[in-house]
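None of the figures in this text is laboratory data; all of them are computed from the coordinates on show. All of these numbers come straight from a predicted model, not from anything done at the bench. Note that each Cβ is placed from the backbone with ideal geometry, even for glycine, and that neighbours are counted across all protein chains shown.
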Amino acid sequence: MGFAKDFVWGAATSSYQIEGAAQEDGKGQHVWDVFVKEPGHIAEGHTGDRACDHYHLFREDIKLMKEMGLMAYRFSIDWSRILPEGVGRVNEKGIAFYSELIDTLLQHGIEPYITLYHWELPYALHQRGGWMNPQMVEWFGEYAKLVAERFSDRVKYFFTLNEPQCFVGLGFLTGEHAPGIKAPLKDTFAMAHHVLKAHGRAVQMLRQYGKQDLVIGYAPTGSMCYPETEREEDVEAARQMIFSMSQEDRNWTWNVAWWSDPILLGHYPEKEFACYEKYLPKITDDDMKLIAEPIDIYGQNIYNGRCIRMGKDGKPEEVPRYVGFPRTAINWPVTPECLYWGPKFLYERYKKPIYITENGLSCHDVVSLDKKVHDPNRIDFLARYLHELKRAAEEVDLRGYFHWSLMDNFEWAKGYTERFGLIYVDYRTQERIFKDSAYWYRDVIRKNGEDL
Ligand code: FCB
């Protein structure tokens, strides 16, 4: 028992967070390139212009992945690097970069997993309305087609979108992320519908133009829930809560069901649909068919969860966290149970093989006097979380785990102030140093989690 023999141990990154070379080799601009340049948007005025300079250092980085024993690497393609205007003209230099990245991974025996969209919306498309424009569905499809044509001879695994919850919620409701807009609710529901349709269109294009049988998934996030006790009523309360939606309308994107039910079950969650109907665009049967284009695997980014019990009134309620509850450097709660109950509830509802496409934490990592980076908190966090994941692996079809992140990187609005990596990056010199957790993770991989 434990993890399946072919369980995939990997790590994840995204293009803007690591690549740098923001103005090189014909790359177009995307919404983050523009957003970071305005004062007040990013902590300490940081930008991703240079980031980890992975664009130039990717060969060295792949050597480090190999040394860590990674079996797989999840990265994203910067749409504007290969299609500078979002559609039309192809930038061959951008294609060459990803092509070489893929070849080098394969030479090192590391399986590439591509995310099509990790928030890098080409600025030229944003100017044409971006996600507000229904044409985004076809634009995203065209981009997916190009990716399939150029890379799917060597890459078998694809995820369409990373965390629509975030790029709609933070990008268009709170305005904390690019493009920094506080849109009316009505617009955000319309966008979300286009986002889901774009996902479906990308699945169709990947299948149609794929050069082998592709394995296609989706990588949303959402708050997980776990029961306070294993009593059936608490389990039921957690199950109801994980698929319910926020009570606050302007917080509506933070949920699982709105973003996953249409894709996996072919319809929006009924109760919520009724509740939000006043904001919704026209939705047709053909739309729903497109959105529910069959996928093969289900990815979920899981960082934490809420503890739930059945209240005396027969309604699920959240158990308040005690004073001094453990938190990571970025102030996210440490709740290992979410890696057991999350996959369990998701599998029950969606019945698809599951990958944890992201999980991890930021710590206040520093280089010590002995020149090493000691991160006992990360090891402790991982030991707890992966132990729970192992329990899940014994009950559900769990295929893989991608740690967020391979290396410290540009953490969006927090700039470089949060360190999520297994590898420490000195941004002054671009030196990489394995943190203690990287060695620890290497052992986990070697033993396929036997000791967890
Ligand atoms: C997720 C994002 C990823 C990174 C981690 C910490 O929401 O997908 O890019 O920012 O959080």
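Long-range amide H contacts for G175: which residues qualify at under 5 Å (H placed 1.01 Å from N, peptide plane, sequence gap of 5 or more or a different chain)?
Distant-sequence amide H within range of G175: I181.
Is the shape of the stretch 211-314 best called rounded, prolate or oblate, per the rule: a/c under 1.5 gives rounded, else a/b larger than b/c gives prolate, else oblate, with a ≥ b ≥ c the square roots of the Cα gyration tensor eigenvalues?
Cα axes put the stretch 211-314 in the oblate bin.
Classify the chain as rounded, prolate or oblate from the Cα gyration tensor: take a ≥ b ≥ c as the square roots of its eigenvalues, call it rounded if a/c is under 1.5, otherwise prolate when a/b beats b/c and oblate if not.
rounded
Please sort by residue number the chymotrypsin sites (Phe, Trp or Tyr not before Pro) in the stretch 366-445 whose DSSP state is loop and whose Cβ has at most 16 other Cβ atoms within 10 Å.
Passing sites in the stretch 366-445 are Y427.
From the backbone phi of the stretch 109-123, what are the Karplus-calculated ³J(HN,Hα) couplings (6.51 cos²θ - 1.76 cosθ + 1.60, θ = phi - 60°) in whole Hz, Gly and Pro given as x?
Along the stretch 109-123, the couplings run x, 10, 7, x, 10, 9, 9, 6, 9, 10, 5, 8, 7, x, 4 Hz.
What is the ratio of the Cα radius of gyration of the stretch 308-379 to 2.2 N^0.38 Å, with N the residue count, to two decimals?
The reported ratio for this selection is 1.55.
Taking θ = phi - 60°, what integer Hz values does the Karplus form 6.51 cos²θ - 1.76 cosθ + 1.60 yield along the stretch 319-328, in sequence order, with x for Gly and Pro?
Residue by residue, the stretch 319-328 yields 7, x, 7, 6, 4, x, 4, x, 9, 8 Hz.
Given the DSSP H assignment, sum -39500 (n - 2.57) over each helix run of at least 4 residues in the chain and divide by its residue total; what's the result at 222 nm in deg cm²/dmol, nearest 500?
So the calculated ellipticity at 222 nm is -11500 deg cm²/dmol.
Enumerate the amide H contacts of L83 below 5 Å, restricted to partners 5 or more residues apart or on another chain; note that Pro and chain-start residues carry no placed amide H.
N91
Which of the three applies to the stretch 48-145, rounded, prolate or oblate, going by the alpha-carbon gyration tensor with a ≥ b ≥ c and a/c under 1.5 meaning rounded?
Taking the square roots of the gyration eigenvalues as a ≥ b ≥ c, the stretch 48-145 is prolate.
Distance check, please: which entries in K37/K186; K186/K282; K145/K344; K156/K390; K145/K211; K66/K351 exceed 22 angstrom between their Cα atoms?
Pairs exceeding 22 Å: K37/K186; K145/K344; K156/K390; K66/K351.
Going by amide H atoms built from the backbone, whose H comes under 5 Å of the H on I308, apart from near neighbours?
Y226, E228, V319
Within the chain, which whole H helices from DSSP have a Cα span along their axis of at least 18 Å and a mean Kyte-Doolittle hydropathy of 0.0 or more, if any?
For the chain, where a helix must reach 18 Å along its axis and average at least 0.0, the hits are 92-107, 136-151.
Set Lys and Arg Cβ to +1 and Asp and Glu Cβ to -1, take the dipole of the chain about its Cα centre, and tell me which of G200, Y355, P164 lies farthest positive.
G200
Loop-only check: which GluC sites (Glu not before Pro) in the stretch 415-452 are DSSP coil with at most 11 other Cβ within 10 angstrom?
When the GluC sites (Glu not before Pro) of the stretch 415-452 are filtered for loop state and at most 11 Cβ neighbours within 10 Å, E450 remain.
So for the chain, taking the charge dipole from beta-carbon charges (+1 Lys/Arg, -1 Asp/Glu), which of F35, G180, S15 sits furthest toward the positive end?
The Cα lying farthest towards the positive end belongs to S15.
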